[in-house]
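Student: One structure follows; several queries about it will come next.
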Amino acid sequence: MTDEVPPETFPSGIPMPSLDMTGVEAEVIVLTGMSGAGRTKAAAVLADLGWYVVDNLPPQLLGGLVTMIGRGGHTRLAAVVDVRGGDFFQDVEAVLDDLEARGVPVRLVFLDASDAALVHRFEEARRPHPLQGEGTLLEGIARERAALSAVRERAGEVVDTSRLNVHQLRDVITGVVGERDRPLQVNVQSFGFKNGAPEDADFVADVRFLQNPHWVPELRPLTGLDPAVRDYVLSSDGAHEFVGGYAEVIGGVLDRYRAHDKHSVTIGVGCTGGKHRSVAIAEELGIALRDRGYQVRVTHRDRAGR
């Protein structure tokens, strides 16, 4: 009887997986650090940037996940690994060593904060620290610092979030991964008030004060996308002034929205039926906002009439 060779194991005794990473190309970030230092927010930022994000992953599963993601068409994986994993967490350094030995580049990003900042955040959230147990909050924080000390030393980037708000943290994480944040998406949608305003509209403009092509027989069957209707609507008193003034006001707001983690804005432009005036003005507003450097998509909900 031939003796079986026991599989190589992690320090915890868990067997190392047998992985074939041939042809796997993936960029991996392991996000870790102190509880309350902003891991959840940082993970959300990476997800917004297009990374495949997994939270609270047992580190022993990371290699298999890299293999699956790398072959599934994704090239960027971010895994949040921390003390919530309990005994599993003790293998994190061995897992990183194993991946690097297999030729998978891993960036270790550690989020930290002062004890005072962490205490304030936990008290504000009214949640216990994962290592607090029967002790005090500060005792839990001290246990976590001890458990993470070696990982912190190993980290390529250590981010102190003590004095950062959520918007500043977003900027820092975006800079850490060497990317630019996605631009604000502006959606301009025409509609008819008779069918109700769009439920997701952040702003609603009423253009029923303009002269109505509906009452011109040769224009009635057309829409605001037709040049004859467009010219008729824009020849109304105040049409050009409205578009320019509204773009000016909205532009001042949009400039500030991105700093507050808002990714998209919907501007509704309404007339009675949503076929003529609102369509023409929505198109003109889209042009005016694009001229100001915004990424704009214009759609027409009720153009076909109903």
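Student: Only one residue in Gly156, Gly196 is in the same structural domain as Arg107 (by TED's automatic domain parsing) and at pLDDT below 95, so which one is that?
Tutor: Result of the check over Gly156, Gly196: Gly156.
Student: Among the numbered criteria (1) of a type outside the set (S, T, N, Q); (2) exposed (fewer than 14 other Cβ atoms within 10 Å of the Cβ); (3) touching a strand residue (DSSP E or B) at 6+ places or on another chain (Cβ under 6 Å), which single criterion is violated by Val279?
Tutor: Exception for Val279: condition (2).
Student: Only one of these conditions is not met by Val30: (1) in a strand (DSSP E or B); (2) out of contact with any strand residue (DSSP E or B) (no Cβ under 7 Å at 6 or more places or on another chain). Which number is it?
Tutor: Here Val30 clears every test but (2).
Student: Considering only residues of region 85-138 that are modelled with pLDDT of 90 or more and basic (Lys, Arg), which is farthest from the chain's Cα centre (by Cα)?
Tutor: Arg121
Student: Among the candidates Ala239, Ala146, which residue alone is touching a residue at least 12 places away in the same chain (Cβ under 8 Å) and not aromatic (Phe, Trp, Tyr)?
Tutor: Ala239
Student: Of Arg230, Arg256, which residue is more than 30 Å from Ala47 (Cα to Cα) and assigned to a helix (DSSP H, G or I)?
Tutor: Every option except Arg230 fails the conditions.
Residues are listed down the side, and each one gets a yes or a no for (1) loosely packed, with under 15 Cβ neighbours inside 10 Å; (2) out of contact with any Gly (no Cβ under 7 Å at 6 or more places or on another chain); (3) at pLDDT 90 or above; (4) of a type in the set (A, V, I, L, M, F, W, C):
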site	(1), (2), (3), (4)
Gly33	no, yes, yes, no
Ala47	yes, yes, yes, yes
Val66	no, yes, no, yes
Val80	no, yes, yes, yes
Val83	no, yes, yes, yes
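Student: Would you confirm whether any residue within region 132-147 is more than 20 Å from Phe10 (Cβ to Cβ), of a type in the set (Val, Ile, Thr) and not in a helix (DSSP H, G or I)?
Tutor: Checking region 132-147: at least one residue is more than 20 Å from Phe10 (Cβ to Cβ), of a type in the set (Val, Ile, Thr) and not in a helix (DSSP H, G or I).
The values are calculated or read from the model by the stated rules, or taken from the named source; none is laboratory data. What you see is a predicted model, and the numbers here were worked out from it, not measured in a lab. Virtual Cβ from ideal backbone geometry, glycine too; neighbours counted across all protein chains shown.
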